[in-house]
Amino acid sequence: MSTGPRYRFAPSPTGMFHVGGARTALHNWALARQSGGTFVLRIEDTDEVRNRPEWTAGIIDALAWLGISADDPHFEGPLFQSEYAAAHLEAANRLFESGHAYYCDMTPDEIQDRAKAEGTTGYGGWSRDRGLGPAPGSVLRFKVPEGTTVVHDLVRGDVEFDHAVIEDFVLVRGNGTPVFILANVVDDMSMGITNVVRAEEHLPNTPKQQMLWQALGHEPPVWAHVPVLVNEQRKKLSKRRDKVALEQYRDEGFLADAMVNYLMTLGWSPGEQEIQPWSVMEQSFRLDDVNLSPAFFDLKKLAAFNGEYIRRLSVDELVDACDPWLPAEWDRAVFREMAPHIQPRLNTLADAPGVVDFLFLDEPDIDDDSWSKTMTTEYAQPLLADAIGAFETCAWDAATIKATLEDVMGRYDLKLGKAQAPVRVAVTGRTVGPPLFEALEVMGRDESLRRMRNALDRL
Ligand code: GLU
């Protein structure tokens, strides 16, 4: 076992795996690996109502997809918070015994009425000195001492919290279950966690957690809170409003490497060159260089990153990567021939079938709009007829097909774009698509001519 620092990633399996969580996981993974430390995966599965085993499986799969592999020697877990319930309650009891916590039997209504009567908000520590013991329905509260807590945060510097604004918070609910703040601290403690790197939204919990570490007789961990991710309207990414599920990006044909690289650029810059391999970022990532401001999760930029990563694939890699998106009956050898020609225009792997489907359909799927735009010109009919004639005998490679069409179009005083259009629609069914002459070459002379003749017959 490594003796280096111990980081952890502690997701709650209550939904699809959020891209913000994925970034936090990558931060912890990089830091654990660059320091020869450990990355503990702890599944915080204590919310019985919202947890589902499939979300846990989804998290583990998604982490593996990002390259955070359970087989790596730096990886430890998954550990499950639900298995440590006894330790949470044991710690709660110790806090009670040592006078750091007390029981309170006031109902929420009683608390509200009393707060109103006293002109305060929240709970005023009213059961502190009542000497109550545990009883069904009573909660255990932490006795927040007077003073301040300073959280040393590697991203934010020192953040000071005045205890006057922190009420005596609940540790154990009336039904006997520990709350998140306690379970999270006790697990970090018993798992020997030395560094907590997590999202900014947990910063308000941190002074309370630091007090718990101290009350339980331990040095708190090194804290770091990374900035939230926001959408185009600068609103925090939310699963109701935004596409936040990592799984969805995977299923839409984003490459893991592109996703990893893009996530790492959110709130941190890998250098002048933003496209960087993980092996470099894993070593160069530093919490001190993480920004304080919210990071814009820019879908356009993500697509551009993905396109760039797609362009860097070898043809074999591209064919393999596209495979899950292609219908089983499509001939992979034909796709392979076309693949280098579509590579420059793909932003996701899922775009691939729509760009090449004409090669595999019995007939091109020509919509009325494309037809009327290209076939109703006065030159369409004679040009197609001449092109068919010339294509019957020319050599069948993209360069010769192009030269042959250029020769034909000279007779009509047309530019290449205009001259290509009827041929493209006749063969591919669309007005835009992959490079035409390469497409014709891959399609083959016979099928290309058959489609062009069919179009001519329609005219
Ligand atoms: N289970 C918490 C969450 O998913 C983790 C908080 C933490 O990292 O301490 O938000």
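Tabulated data for the structure shown
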quantity: Three-way shape label, the stretch 25-170, alpha-carbon gyration tensor, a/c 1.5; calculated: prolate
quantity: 5 angstrom amide H check on residue 9, placed H, neighbours 5+ away; calculated: 40, 41, 42
quantity: Prolate/oblate/rounded label for the stretch 105-257 (Cα gyration tensor, a/c 1.5); calculated: prolate
quantity: Percentage relative contact order, the chain, counting C-alpha pairs under 8 Å, at least six apart; calculated: 13 percent
quantity: Relative packing of peptides 127-138, 339-350 - highest average C-beta neighbours within 10 Å first; calculated: 339-350, 127-138
quantity: Solvent-accessible area per residue, Å², over the stretch 1-160 with all protein chains present [probe radius 1.4 Å]; calculated: 49 Å²
quantity: The chain - percent of accessible surface contributed by carbon and sulfur, probe 1.4 Å; calculated: 50 percent
quantity: Proximal lysines to residue 143, defined as alpha-carbon separation beneath 23 angstrom and excluding residues fewer than eight positions away on the same chain; calculated: 116, 208
quantity: The stretch 293-401: GluC sites (Glu not before Pro) in DSSP coil with no more than 14 other Cβ atoms inside 10 Å; calculated: 329, 378, 392
quantity: Positive-end residue, the chain charge dipole about Cα centroid, Cβ charges, pick of 145, 192, 352; calculated: 145
quantity: Stretch gain in nm, segment residue 406-residue 368, where the contour uses 0.36 nm per residue and the Cα spacing is subtracted; calculated: 11.0 nm
quantity: Local electrostatic count, residue 307, Cβ distance below 12 Å [Lys/Arg +1, Asp/Glu -1]; calculated: +3
quantity: Amide hydrogen neighbours beyond the local backbone of residue 230, cut-off 5 Å, H modeled; calculated: 237, 295, 296, 297
quantity: From phi via Karplus (6.51, -1.76, 1.60), per-residue ³J(HN,Hα) for the stretch 284-291 in Hz, x at Gly/Pro; calculated: 8, 4, 9, 5, 4, 8, 6, 6
quantity: Nonlocal amide H pairs with residue 153, under 5 Å, H built at 1.01 Å; calculated: 158, 159
quantity: Å² per residue, accessible surface of the stretch 324-447 at 1.4 Å; calculated: 47 Å²
quantity: Distance from the stretch 428-447 to the stretch 283-337 (C-alpha centre basis), Å; calculated: 26 Å
quantity: Chain lengthening between residue 105 and residue 296 when straightened (0.36 nm per residue, less Cα-Cα); calculated: 64.3 nm
quantity: Listed pairs 239/301; 236/300; 300/418; 235/300; 243/301; 235/301 exceeding 23 Å between Cα atoms; calculated: 300/418
quantity: Vicinal HN-Hα couplings computed from phi for the stretch 16-30 (Karplus, 6.51 cos²θ - 1.76 cosθ + 1.60; Hz; Gly/Pro x); calculated: 4, 7, 6, 4, x, x, 4, 5, 4, 4, 5, 4, 5, 5, 4
quantity: Sites residue 243 and residue 90 - FRET efficiency at Förster radius 41 Å, r taken between beta-carbons, to 0.05; calculated: 0.45
quantity: Paired Rg and Dmax values of the chain, which use every Cα atom, in angstrom; calculated: 31.2, 102
quantity: In sequence order, calculated HN-Hα J values of the stretch 199-204 (Karplus, 6.51, -1.76, 1.60; Hz; x Gly/Pro); calculated: 6, 3, 4, 8, 4, x
quantity: Dipole magnitude of the chain, debye to nearest 20 (Cβ charges: Lys/Arg +1, Asp/Glu -1, about Cα centre); calculated: 800 debye
quantity: Spatially proximal lysines relative to residue 415 (Cα-Cα < 18 Å; intrachain offsets below 8 disregarded); calculated: 373, 402
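The values are calculated or read from the model by the stated rules, or taken from the named source; none is laboratory data. Worth saying up front: this structure is predicted, and the values here are computed from it rather than measured. Glycine gets a Cβ as well: all are built from the backbone with ideal geometry, and neighbour counts include every protein chain shown. Side chains included, ligands, DNA and RNA excluded: accessible areas come from the protein's heavy atoms. Shrake-Rupley method; radii C 1.70, N 1.55, O 1.52, S 1.80 Å.
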